[in-house]
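K.L.:
Mind looking over this structure? Questions follow.
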Amino acid sequence: MLAKLTPNTQIIGQNLIYFNRIDSSNDFAQRLIQRQQAIHGTLIITDYQTKGRGQGSHIWQSEAKKNLLCSLILLPDTSISDPFILNKALAIALISTLSKYVDANQLKIKWPNDIYYQQSKLGGLLVENTFQGQGIKSSVMGFGINTHQHFQNTPFKAIALHSIALKPFSHEDIILSFLSAFEQLYHAILQSAFGEINKRFDQLLLGYQTSNTFNIEGQNISATIIGCDEHGRLILENKLGQQTLYLHGQITQNIHE
């Protein structure tokens, strides 16, 4: 059962909080932090969110028990100066976990916060950091994986894990694998070993080092994805070799069937 998991980790996920229903796992995590009741490494798991949130003003739509919905609380005691490194580590850990069940070559990160299988959305993440000085004081790392839900009338094409899985899986197995994968990456972050994480994140970007089309203020452009910087900005290069940085909301990547 989700409430009785025993992660093979030192810190990450050792404290588990389970709800069969909640407004938002990220909002609950933030309330714990505000009340100074949060424990570093706590994982909040829920079967259903009534007010799930995505990036910006987007909402996370889900049916009960058909998505894996979690939020991880981090309270670093070591200064983490790279504001986007936790987002990168979360995405990499999720893909590493999902690679155990599907063709790993088909899993990609659609910048800045979606997990894709081929051309379809399989999951997403929402990381909310609080800063103190130049470092991260607290982080609430929300993520959702569509395991069994079939979406209709969405602005994007979505897919469920059970329809592409090469072997049986359970929510429990996914969580345990994710916690181990993320803890390894988190240890690297605490040692400021960002290089491999940055490299791996860039390599996993959907459309990395290939020509893509993007929409900027209603105009389509062609450019090559070079990577993502420490602030989460997408680095694009045009045909003349000129590079430009874009924040989320400034540009939309067109996904082709």
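K.L.:
Working only within the range 185-197, note down all residues that are free of Cβ contacts under 8 Å to residues at least 40 places away in the same chain, more than 30 Å from Ile251 (Cβ to Cβ) and part of a helix (DSSP H, G or I).
P.N.:
Passing the criteria: only His187.
K.L.:
Continuing with this model, one more query. Taking Leu126 as the residue in question, decide whether it is assigned to a helix (DSSP H, G or I), closer than 25 Å to Gln152 by Cβ and in contact (Cβ under 8 Å) with a residue 12 or more places away in the chain.
P.N.:
Answer is no for this residue.
K.L.:
Still on this model: Can you report the number of residues in the range 130-148 which are in a loop (DSSP other than H, G, I, E, B) and surrounded by fewer than 20 Cβ atoms within 10 Å (Cβ to Cβ)?
P.N.:
Total meeting the criteria: 3.
K.L.:
Still on this structure, I have one more. For Leu90, work out the one condition from (1) outside any strand (DSSP E or B); (2) surrounded by fewer than 20 Cβ atoms within 10 Å (Cβ to Cβ) it doesn't fulfil.
P.N.:
The number of the failed condition is (2).
K.L.:
So which of Phe169, Phe151 is at pLDDT 95 or above and in a loop (DSSP other than H, G, I, E, B)?
P.N.:
Phe169
K.L.:
Based on what the data block shows, is Ala181 touching a residue at least 12 places away in the same chain (Cβ under 8 Å) and closer than 30 Å to Ile12 by Cβ?
P.N.:
Judged against the criteria, Ala181 is a match.
K.L.:
Something else about it: Working only within the range 15-47, note down all residues that are assigned to a loop (DSSP other than H, G, I, E, B) and within 20 Å of the chain's Cα centre (by Cα).
P.N.:
Result: Asp23, Ser24, His40, Gly41, Thr42, Asp47.
K.L.:
Further question: Just wondering, is there one or more residues in the range 198-215 that are modelled with pLDDT of 95 or more, assigned to a strand (DSSP E or B), under 21 Å from the mean Cα position of the chain (by Cα) and within 18 Å of Pro112 (Cβ to Cβ)?
P.N.:
Scanning the range 198-215 turns up at least one residue that is modelled with pLDDT of 95 or more, assigned to a strand (DSSP E or B), under 21 Å from the mean Cα position of the chain (by Cα) and within 18 Å of Pro112 (Cβ to Cβ).
K.L.:
Another one. Suppose the filter is among the aromatic types (Phe, Trp, Tyr), buried (at least 19 other Cβ atoms within 10 Å of the Cβ) and under 21 Å from Tyr117 (Cβ atoms); does Phe182 pass it?
P.N.:
Yes, satisfied.
K.L.:
I need the full set of residues from the range 218-249 which are free of Cβ contacts under 8 Å to residues at least 40 places away in the same chain, in a loop (DSSP other than H, G, I, E, B) and within 19 Å of Val127 (Cβ to Cβ), in order please.
P.N.:
Result: Arg233, Leu247.
The values are calculated or read from the model by the stated rules, or taken from the named source; none is laboratory data. Keep in mind that what you see is a predicted model, and the values were worked out from it rather than measured. Counting neighbours? That spans all protein chains shown, and the Cβs are built from the backbone with ideal geometry, glycine included.
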